[in-house]
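Taking it in order: structure first as structure tokens, then the write-up.
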Amino acid sequence: MNTELGRSRHRSLMRSTTCILLGTQFLLACGASHAPPPEPVAPAQRPLRSGDILQIDVWRQPEYSGQFQLGSNGTLLHPLYQQIPLAGLSPGMAREEISTFLSEYLQGARLLVEPLYRVSIGGEVRSPDVYHVGGGTTIAESIGVAGGPTNRAELNRILLVRDGQQYDLSLGADLVTFGSIPVMSGDQILLHPRSDFSIWRDVIAPVGTLASLILVIIRIGDRT
């Protein structure tokens, strides 16, 4: 019981720390100059980076299959696959490297390799955190993975940080244009709060009204 409680507290602390880090990134990014939206990058050209995960499925070979993360040295955290340097390669190139490596152990191995890119999603989303999303995931879909925007989010002021460059995006009227941009490994997606957001009107007042309603219900229940 104590062990499980400790693990729960550890997970809660890690999530809180992640949220604080994402919030700090958000504050630092607000005052920086931004560039126009980036051009979409084809899936075959998106390089793998440390922190990404590879889903490897080798037909009828479960011991060679699974999800494996790229460590800081650019190789997979796996006793066998750790011999293959994969950071900086495209998914197609990574598959070729893995296939060549497996040919030393298996004859005619058939395999699928799918990347899961590491993406930070913060600001005005319901569940800010670091996520691993598929290669075809768009920026709009990534926001959905993080629980979607809060009622404080300004969908016309979305910040994308990619390779040290910052881009202003809009998921309002320009949803088709900017919302369809696929994510890349290491992307940071930050949603700004609305400029007309009022802590009193949008948070305190509704909570106060709800509390009053609950109090009235309790009093009515006491009288019956």
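Looking at segment 106-120, which of its residues are surrounded by 13 or more Cβ atoms within 10 Å (Cβ to Cβ) and not basic (K, R)?
First pass over segment 106-120, keeping only residues surrounded by 13 or more Cβ atoms within 10 Å (Cβ to Cβ): 106, 109, 111, 113-120.
If the condition is that a residue be surrounded by 13 or more Cβ atoms within 10 Å (Cβ to Cβ) and not basic (K, R), then L106, A109, L111, V113, E114, P115, L116, Y117, V119, S120 are the ones that fit.
Tell me the residue from G135, G186, G123 that is surrounded by 12 or more Cβ atoms within 10 Å (Cβ to Cβ), touching a strand residue (DSSP E or B) at 6+ places or on another chain (Cβ under 8 Å) and at pLDDT below 90, please. Steps first, please.
Working: G186 fails: at pLDDT below 90; G123 fails: at pLDDT below 90.
The unique qualifying residue is G135.
Can you give me the number of residues within segment 56-67 that are surrounded by fewer than 19 Cβ atoms within 10 Å (Cβ to Cβ) and assigned to a strand (DSSP E or B)? Give the derivation first.
Applying the first criterion (surrounded by fewer than 19 Cβ atoms within 10 Å (Cβ to Cβ)) to segment 56-67 yields 57, 59-63, 65-67.
Those left that are additionally assigned to a strand (DSSP E or B): 57, 66-67.
Selection size over segment 56-67: 3.
Just for segment 75-105: of the residues that are part of a loop (DSSP other than H, G, I, E, B) and crowded, with 16+ Cβ neighbours inside 10 Å, which one is farthest from the chain's Cα centre (by Cα)? Can you show your working first?
The first filter runs over segment 75-105 and keeps only residues part of a loop (DSSP other than H, G, I, E, B), leaving 77-80, 84, 86-90, 103-105.
Going one step further and asking which of them are crowded, with 16+ Cβ neighbours inside 10 Å, we end up with 78, 84, 86-87, 89-90.
On the way: H78: 23, I84: 26, L86: 21, A87: 19, L89: 21, S90: 19 Å.
Once the filter is applied, the top-ranked residue is I84.
Quick one: is Q67 of a type outside the set (A, V, I, L, M, F, W, C) and at pLDDT 95 or above?
Yes, satisfied.
For segment 101-145, name all the residues that are in contact with a Phe, Trp or Tyr (Cβ under 9 Å, 6 or more places away or on another chain), without any contact (Cβ under 8 Å) to a residue 40 or more places away in the chain and small (G, A, S).
Result: G134, single match.
Tell me, yes or no, whether segment 40-52 has at least one residue that is in contact with a strand residue (DSSP E or B) (Cβ under 9 Å, 6 or more places away or on another chain), more than 29 Å from Q165 (Cα to Cα), in a loop (DSSP other than H, G, I, E, B) and at pLDDT 95 or above.
If we filter segment 40-52 for residues that are in contact with a strand residue (DSSP E or B) (Cβ under 9 Å, 6 or more places away or on another chain), which is where we start, we get 40-43, 46, 48-52.
Now restrict to residues that are more than 29 Å from Q165 (Cα to Cα): none.
No, there is no match, as no residue in segment 40-52 is in contact with a strand residue (DSSP E or B) (Cβ under 9 Å, 6 or more places away or on another chain), more than 29 Å from Q165 (Cα to Cα), in a loop (DSSP other than H, G, I, E, B) and at pLDDT 95 or above.
The values are calculated or read from the model by the stated rules, or taken from the named source; none is laboratory data. A quick note: this is a predicted structure, and the numbers were derived from the prediction, not measured. Quick reminder, even Gly has a Cβ in these numbers, built from the backbone with ideal geometry, and neighbours come from all protein chains shown.
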